[in-house]
Amino acid sequence: MSLDHAFADVFSTRSTDGQLSGGFGGFSFLLGGGKGTKANTKTAFTISAFYNGVDQLSNDMAKLPKFVFKKDGENREKDADHPVNYLISQRPNSLMTSFDFWKIIEISAIVKGNGYAEIVRNSYTGDPEELYFLEEPDVEVSIKNRKLYYKYKGRPIASSDILHFRGFSFDGLMGIGIVTFAAKQLGITIDSQTYQQEVYKDRGLGYGVIESDLKVDKGNKKLIEEGFATKMAGESKFKVPMLDEGMKYKSISITPGEAQFLETNKAGVLEVCRWLNIAPHKLKDISSGTYANIYQQSIEHVQDSMMPRVISREQELNYKLFTKKESKTLYTKFNLAVLLRGDLEMKQKFYTAMVYAGIYTRNEVRALEDMNPIEGLDEILQPVNMQALAMANKLNEDQGNGK
């Protein structure tokens, strides 16, 4: 199959009706060939870096404060009484907390390419009452006449009643799980882990040869080998055996090639970082990190990794959970600022900058820290050496007029 045909299979859902799939179809040949393990959804999670990366990204999404905001001209205020606000921030359904719901949605979107949730509506008003997570393999998606149709375990669900959060996608209709792309690379990491386990299991500290200046017959050789192996295995493997008759033990270390293969564990962490678009320090790799660049990486994590995901989730919620009339004034908002509030020094600098720039009042900062407001702290501060251009012109005009 040619590369052109492979890509044609991938993009064919744009112009033809039928069932959509998050898989590759003809494109899968690019992942074939060569020797070694190919990772799948389950085995990928045996790689600590991959497990931790998915856990970090899904936790970051789950812990973001989520609100419904109402626009009134230039003003914005939280609409805590709207039913959607409760669903996205408190309790999406009777089985899950908000954190659990958003975490499993994000895991599904990252690993399997698609995260689904059914919107259960009030039969009279049509208002959303519950959001239920749907297992990705149980959802069938098809396209007909440029419209998407969903089935869950064979039961049809209207497109307007299902939240579809996509991961990476070639066509904007179906996401493709990261493991699909990274199967070969993750398989190399799995092989290196398995090899490392075998090295320490089979060789341990006692992998080597026994040399003797004297000639040893076959029978004694076998006895010496068995005796030495017994001393260097099991509970005795860290004890020192006694050698007689001028015998010497010579350790055989791993070859440079073997050592290089074992180093793939370190390289595997960076590869996982690239696949998941996550900073190395998030996966506990600070080998090349300093306080300054880790701080910068934390900002980049919010901007480059989390923000695109958040925008995608907000847009899907806004489109499916509000009526056309409501969508003119209501919208959902995930507060990304919470991801930059962990470090006390970073937090203090952030709040100071926001207050002096006139973005936050001091009481708004207190609210972000779950503190009660204090009278007199609701005014916007303005540094004495800063003023609006119109105010500066008026002041100059007044001084010119002798006022």
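Just so you know, all these numbers are worked out from the coordinates, no wet-lab data involved. These figures come from a predicted structure and were not determined experimentally. Cβ sites come from the backbone with ideal geometry, for glycine too, and all protein chains shown count toward neighbours.
For residue 134, the residues whose amide H sits under 5 Å from its own are 116, 117, 118, ignoring neighbours fewer than 5 places away on the same chain, with H placed 1.01 Å from N.
Multiplying the residue separation of residue 148 and residue 359 by 0.36 nm and removing their Cα-Cα distance gives an extension gain of 71.8 nm.
Close amide H contacts of residue 330 (hydrogens built in the peptide plane, cut-off under 5 Å, sequence separation of 5 or more or a different chain): 71. Protection proxy ranking of 317-328, 83-94, by the mean of other Cβ atoms within 10 Å over each peptide's residues and highest first, is 83-94, 317-328. Listed cross-link partners 151/284; 78/347; 284/320; 42/63; 112/153; 42/144 are compared with a 29 Å cut-off, the Cα-Cα value being larger for 151/284; 284/320; 42/144.
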